[in-house]
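The values are calculated or read from the model by the stated rules, or taken from the named source; none is laboratory data. Here the structure is a predicted model, which is why all the values come from computation and not from measurement. Cβ: placed from backbone, ideal geometry, glycine included. Neighbour counts: every protein chain shown.
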Amino acid sequence: MSLIVTGTIGIDSVYTPHGQAERVLGGSCTYFAAAASFYTPVRIVAAAGDDLPAPFLETIRHFKRIDTAGLEIRKGSKTFAWGGKYRDNMNGRDTLFTELGVLLETPPKVPANYVDSKYVFLANTHPAVQLGLLENFPKRKIAIADTMDLWISTARPELEKLLRRVDGLVLNYDEAELLTGKANTVAAARHILEMGPTFVVVKKGEHGCLIVHRDGMGALPAYPAEKVIDPTGAGDTFAGGMMGYLAQRCEQDAAADPRSIDLVRYSLAHGTIVASFNIESFSLDRLTRLSREQIDERYNEFARMVRVH
Ligand code: AMP
């Protein structure tokens, strides 16, 4: 099994209408890997500074199927830190600060035994780092990238180069607009397809997600959640559930194509469900208390809800 993710390990400070959590464990890679580990073993490639609190490492290791051989703790470096504040309706958020720290240094090294990875997820980090890491996985069956406003605004040329190399892109609706200048989500996604990928998944928070694929389209509502405490990591856990499912399915059936519209469409439902748990509490708290049985139970409930024939 060879799902791999590269992205950030973060120290987050989050403010929501329900409360706040300061200097807690976050990061795109962390959320993704924890979510994917409910489906399949997952390798991480990321760097943090030696200021990363020891309990954060314990939390990452709590997820037994995360392989941390590619996690570098660098002496004298500072861990990536991010602060965000949610608006009253919890759908919008403003970034309060981004301290790149270790992201400004050389990218983390890929352990030699990781190069056979087949399912590659490039979680949010600098697109140049995403591109560099992608080159390490010549046997990949699929590569999907995530991106966000900061990189669209500050590293567009590298991002455009990345888009020519990946099979799929996952991003928020407002980021799709920022990238393309198109406010209509479908039009924005089609524009992104012209930039290179085979499919684009546009996330719309509580309004679900849209997939525009070269072979068609699909749409899915979000799980109707009543308890939304902290949406941080919703996007990364969505991607983790999605990619974890894709990797699991394709390992069971060697003939399955992880880039096919049907498989990707099914995978979105898994992403939706894992994300719906993550938002029930701050940081990775809910994920550390989650079981695959709870995911499957909610998945079945959701499948009944969205069935239309
Ligand atoms: P999400 O809510 O899924 O968009 O992801 C939030 C997580 O992404 C937080 O835990 C942050 O530590 C991390 N994050 C925030 N900004 C960035 C960025 N520019 N690049 C990489 N990771 C980020």
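Just to be sure, is residue 187 in a strand (DSSP E or B), surrounded by fewer than 18 Cβ atoms within 10 Å (Cβ to Cβ), without any contact (Cβ under 8 Å) to a residue 24 or more places away in the chain and of a type outside the set (Ser, Thr, Tyr)?
no
Does residue 69 satisfy the criteria of being among the small types (Gly, Ala, Ser) and part of a helix (DSSP H, G or I)? Even if it seems obvious, please write down each step before you answer.
Numbers: among the small types (Gly, Ala, Ser): yes; part of a helix (DSSP H, G or I): no.
Here the answer is no, as residue 69 does not meet what is asked.
Specify the residue that is nearest to the ligand (Cβ to nearest atom); the eligible residues are those in the stretch 57-100 that are surrounded by 17 or more Cβ atoms within 10 Å (Cβ to Cβ) and farther than 24 Å from residue 287 by Cα.
So the residue we want is 78.
Take residue 258 and decide whether it is touching a strand residue (DSSP E or B) at 6+ places or on another chain (Cβ under 7 Å) and either of a type in the set (Lys, Arg) or assigned to a loop (DSSP other than H, G, I, E, B) (or both).
yes
Consider the stretch 101-132. How many of its residues are touching a strand residue (DSSP E or B) at 6+ places or on another chain (Cβ under 6 Å) and either of a type in the set (Asp, Glu) or within 16 Å of the ligand (Cβ to nearest atom) (or both)? Can you show your working first?
Quick first cut of the stretch 101-132, residues touching a strand residue (DSSP E or B) at 6+ places or on another chain (Cβ under 6 Å) only: 101-103, 108, 110, 114, 117, 119-124, 130.
Narrowing further to those that are either of a type in the set (Asp, Glu) or within 16 Å of the ligand (Cβ to nearest atom) (or both): 101-103, 108, 121-124, 130.
Summing the residues that are touching a strand residue (DSSP E or B) at 6+ places or on another chain (Cβ under 6 Å) and either of a type in the set (Asp, Glu) or within 16 Å of the ligand (Cβ to nearest atom) (or both) in the stretch 101-132 gives 9.
Going through the stretch 1-22 one residue at a time, which ones are within 14 Å of the ligand (Cβ to nearest atom) and without any contact (Cβ under 8 Å) to a residue 40 or more places away in the chain?
First, the residues of the stretch 1-22 that are within 14 Å of the ligand (Cβ to nearest atom): 5-16, 21-22.
Within the stretch 1-22, 22 is the sole residue that qualifies.
Looking only at residues that are more than 20 Å from residue 208 (Cβ to Cβ) and not acidic (Asp, Glu) in the stretch 267-285, which one is surrounded by the fewest Cβ atoms within 10 Å (Cβ to Cβ)?
Looking at the filtered set, the residue picked out is 281.
Which one of the conditions (1) of a type outside the set (Lys, Arg); (2) farther than 19 Å from residue 127 by Cα; (3) within 15 Å of the ligand (Cβ to nearest atom); (4) part of a strand (DSSP E or B) does residue 47 fail to meet, given that it meets all the rest?
(2)
Consider only pairs whose beta carbons are under 7 Å apart and that are at least six residues apart or on different chains; among these, list those whose first residue lies in the stretch 224-253 and is in a helix (DSSP H, G or I) and among the polar types (S, T, N, Q) and whose second residue is near the ligand (Cβ under 7 Å from one of its atoms) and at pLDDT 95 or above.
The qualifying pairs are 237/31.
In this structure, does residue 23 turn out to be basic (Lys, Arg), within 22 Å of residue 234 (Cβ to Cβ) and in a strand (DSSP E or B)?
yes
Take residue 104 and tell me if it is more than 29 Å from residue 268 (Cα to Cα), exposed (fewer than 13 other Cβ atoms within 10 Å of the Cβ) and of a type outside the set (Val, Ile, Thr).
Judged against the criteria, residue 104 is a match.
Working only within the stretch 145-162, note down all residues that are under 23 Å from residue 95 (Cβ atoms) and either assigned to a strand (DSSP E or B) or away from the ligand (no atom under 16 Å from the Cβ) (or both).
Selection gives 145, 146, 157, 160.
Listed here are the residues, each with its yes/no results for (1) surrounded by fewer than 19 Cβ atoms within 10 Å (Cβ to Cβ); (2) of a type in the set (Phe, Trp, Tyr); (3) in contact with a Lys or Arg (Cβ under 9 Å, 6 or more places away or on another chain); (4) under 27 Å from residue 44 (Cα atoms).
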position	(1), (2), (3), (4)
202	no, no, no, yes
215	yes, no, no, no
238	no, yes, yes, yes
244	no, no, no, yes
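Of all residues in the stretch 133-181, count the ones that are within 18 Å of residue 32 (Cβ to Cβ), of a type in the set (S, T, N, Q) and over 15 Å from the mean Cα position of the chain (by Cα).
Within the stretch 133-181, residues that are within 18 Å of residue 32 (Cβ to Cβ), of a type in the set (S, T, N, Q) and over 15 Å from the mean Cα position of the chain (by Cα) number 1.
Could you list, in sequence order, all residues of the stretch 131-141 that are out of contact with any Asp or Glu (no Cβ under 7 Å at 6 or more places or on another chain) and either among the hydroxyl-bearing types (Ser, Thr, Tyr) or more than 12 Å from residue 46 (Cβ to Cβ) (or both)?
Initial filter on the stretch 131-141 (out of contact with any Asp or Glu (no Cβ under 7 Å at 6 or more places or on another chain)): 132-138, 140-141.
Those that are out of contact with any Asp or Glu (no Cβ under 7 Å at 6 or more places or on another chain) and either among the hydroxyl-bearing types (Ser, Thr, Tyr) or more than 12 Å from residue 46 (Cβ to Cβ) (or both): 132, 134, 135, 136, 137, 138, 140, 141.
Return the only residue of 264, 308 being more than 30 Å from residue 11 (Cβ to Cβ), β-branched (Val, Ile, Thr), surrounded by fewer than 21 Cβ atoms within 10 Å (Cβ to Cβ) and out of contact with any Asp or Glu (no Cβ under 9 Å at 6 or more places or on another chain).
Within the list 264, 308, the selection yields 308.
For the stretch 216-235, state whether one or more residues are at pLDDT below 95 and either more than 16 Å from the ligand (Cβ to nearest atom) or over 22 Å from residue 30 (Cβ atoms) (or both).
Taking every residue of the stretch 216-235 in turn, at least one turns out to be at pLDDT below 95 and either more than 16 Å from the ligand (Cβ to nearest atom) or over 22 Å from residue 30 (Cβ atoms) (or both).
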